[in-house]
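Chemist: Sending over a structure as structure tokens; questions will come in a sec.
The values are calculated or read from the model by the stated rules, or taken from the named source; none is laboratory data. Just so it is clear, the model here is predicted, and its values are computed rather than measured. As a convention, Cβ positions derive from the backbone with ideal geometry for all residues, glycine included, and neighbour counts pool all protein chains shown. In case anyone asks, the SASA skips ligands and DNA or RNA and just uses the protein heavy atoms, side chains included. Shrake-Rupley method; radii C 1.70, N 1.55, O 1.52, S 1.80 Å.
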Amino acid sequence: MHAQRTLRRSISCAGIGLHSGNKVTLSLKPATADTGIRFRRSDLGGLEVPATVSHVGGINHATGLARDTVQVDTVEHLLAAFVSLGIDNAIVELNSPEVPIMDGSAAPFIYLIHEAGVKPLAAPRRYVKVLRPMSLSRGDKRIALYPSDHFKVTYSIAFDHPLLRHQSRTVRLTEESFVEEIAPARTFGFLEEVEMMRQQGLALGGSLENAIVIGDTGVLNSALRFEDEFVRHKILDVIGDMALVGHPIIGHLIAHRGGHALHTEFAARVLDDVEAWTLVEAPVEPAPVPGMLPVNNAAPQAAN
Ligand SMILES: [Zn+2]
């Protein structure tokens with residue numbers, strides 16, 4: 001059994017919302033077993049919205065949650081950090097409707113979680129183990145989940161831009177691979193699109209400090225963190241969006257040209273398709289090495 005986990009202590013930081021441009025204080029707080037991740041608006045008297053697919057609301061270049069009058073936007077990078085570091089339960093307190101964008105990646109949230117520390121709880125973590133394939137297509141966008149003994153993500157992107165004609169990557173997710181290969185990848189946008197978004201009152205907090213901006217001839221930022229930072233960021237996004245299923249996933253997720261709308265629609269579809277997965281309390285152990293006898297964990301082992 002893997003125990004559910006929460007944060008050891010509370011921790012806070014300040015930043016700005018990417019789309020609203022608002023200043024926001026973010027506090028991550030411990031929570032009891034089976035709480036899940038809940039967003040709390042301190043500016044609305046502490047009203048809460050749980051981070052689950054049934055509360056998805058307001059997909060507009062970011063993933064938002066809504067319940068009654070409570071709205072919280074741009075939750076995906078923080079949720080990806082929580083699920084990848086094995087934080088099952090936490091309260092996320094905000095004094096504004098949008099999670100701060102920080103540097104556009106999940107690395108600052110990893111830092112906060114590491115600073116807060118991790119505490120095991122006396123309840124088993126349950127995983128969604130995929131038993132048979134599930135998929136969803138919308139035009140040329142596609143997302144699917146296949147049975148696998150591990151959580152793996154394969155993502156491919158294709159844009160009509162010389163820099164981003166095609167990128168594809170597969171990652172087997174562990175705490176380490178997430179922290180090193182995925183969490184530092186920043187959000188990105190095309191200069192043209194950014195100008196359009198600003199006219200719609202979006203990306204008001206956006207700058208080269210928190211997003212990669214792609215112009216006609218290349219990236220406006222001084223450098224990329226990875227040559228394929230763009231597809232790595234899409235992997236970060238889909239991990240965060242699929243976290244809305246409410247349990248870590250054991251399966252191979254494959255997405256092509258997805259976005260938040262496709263990811264969250266698929267997360268809801270997965271949760272509904274109860275015949276296609278089962279809840280298990282620990283990942284399947286690796287196959288035994290040939291020639292070795294399987295060890296039964298329940299039985300005491302003979303002393304040599
Ligand atoms: Zn993102």
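Chemist: Let me spell out the model: positive unit charges on the Cβ of Lys and Arg, negative unit charges on the Cβ of Asp and Glu, origin at the Cα centre of the chain. What dipole size does that give, in debye rounded to 20? Mind showing how you got there, number by number?
Modeler: Working: 28 positive and 34 negative charges, 113 e Å.
In total the dipole reaches around 540 debye.
Chemist: With angles folded into 0 to 90 degrees, how steeply does helix 260-272 sit against the dominant principal axis of the chain? Use alpha carbons for both and round to 10.
Modeler: Approximately 30 degrees, to the nearest ten.
Chemist: Over the stretch 148-269, what relative contact order in percent results from Cα pairs under 8 Å that are six or more residues apart?
Modeler: 37 percent
Chemist: What fraction of the DSSP beta bridges in the stretch 126-262 is antiparallel, stated in percent and rounded to the nearest 5? The partial results should precede the final answer.
Modeler: Details: 17 of 27 bridges.
The antiparallel proportion sits near 65 percent.
Chemist: Rounded to the nearest 5, what is the percent of antiparallel bridges among the DSSP beta bridges in the chain? Mind dumping the intermediate values first?
Modeler: Values: 45 of 61 bridges.
That works out to approximately 75 percent antiparallel.
Chemist: Grab the beta carbon distance between residue 204 and residue 175, set R0 = 45 Å, and tell me the FRET efficiency rounded to 0.05.
Modeler: Numbers: r = 34 Å, r/R0 = 0.75.
Given R0 = 45 Å and the Cβ-Cβ separation, E is 0.85.
Chemist: Enter the accessible area per residue of the chain (Å², integer; probe 1.4 Å; all protein chains in place).
Modeler: Values: 14270 Å² over 304 residues.
On a per-residue basis, the chain sits at 47 Å².
Chemist: Continuing with the same structure: How tilted is helix 229-242 with respect to the longest principal axis of the chain? Cα atoms for both, answer in degrees (0 to 90, nearest 10).
Modeler: Approximately 60 degrees, to the nearest 10.
Chemist: Work out how much length residue 196 to residue 164 would gain on full extension: take 0.36 nm times their residue separation and subtract the Cα-Cα distance, in nm to one decimal.
Modeler: Details: separation 32, 0.36 × 32 = 11.52 nm, distance 1.99 nm.
Net length gain for the segment: 9.5 nm.
Chemist: Could you please state how large a percent of the accessible area of the stretch 33-106 is carbon and sulfur, counting protein chains only and using a 1.4 Å probe? Kindly include the intermediate steps, with their values, before the conclusion.
Modeler: Numbers: 1080 of 2290 Å².
So the carbon and sulfur contribution to the accessible surface is 47 percent.
Chemist: Distance from the Cα centre of the stretch 96-158 to that of the stretch 1-45, in angstrom?
Modeler: The stretch 96-158 and the stretch 1-45 have Cα centres separated by 17 Å.
Chemist: For the stretch 119-188, which whole percent of the accessible surface, found with a 1.4 angstrom probe, sits on carbon and sulfur atoms? Mind dumping the intermediate values first?
Modeler: Working: 1710 of 3500 Å².
C and S atoms contribute 49 percent here.
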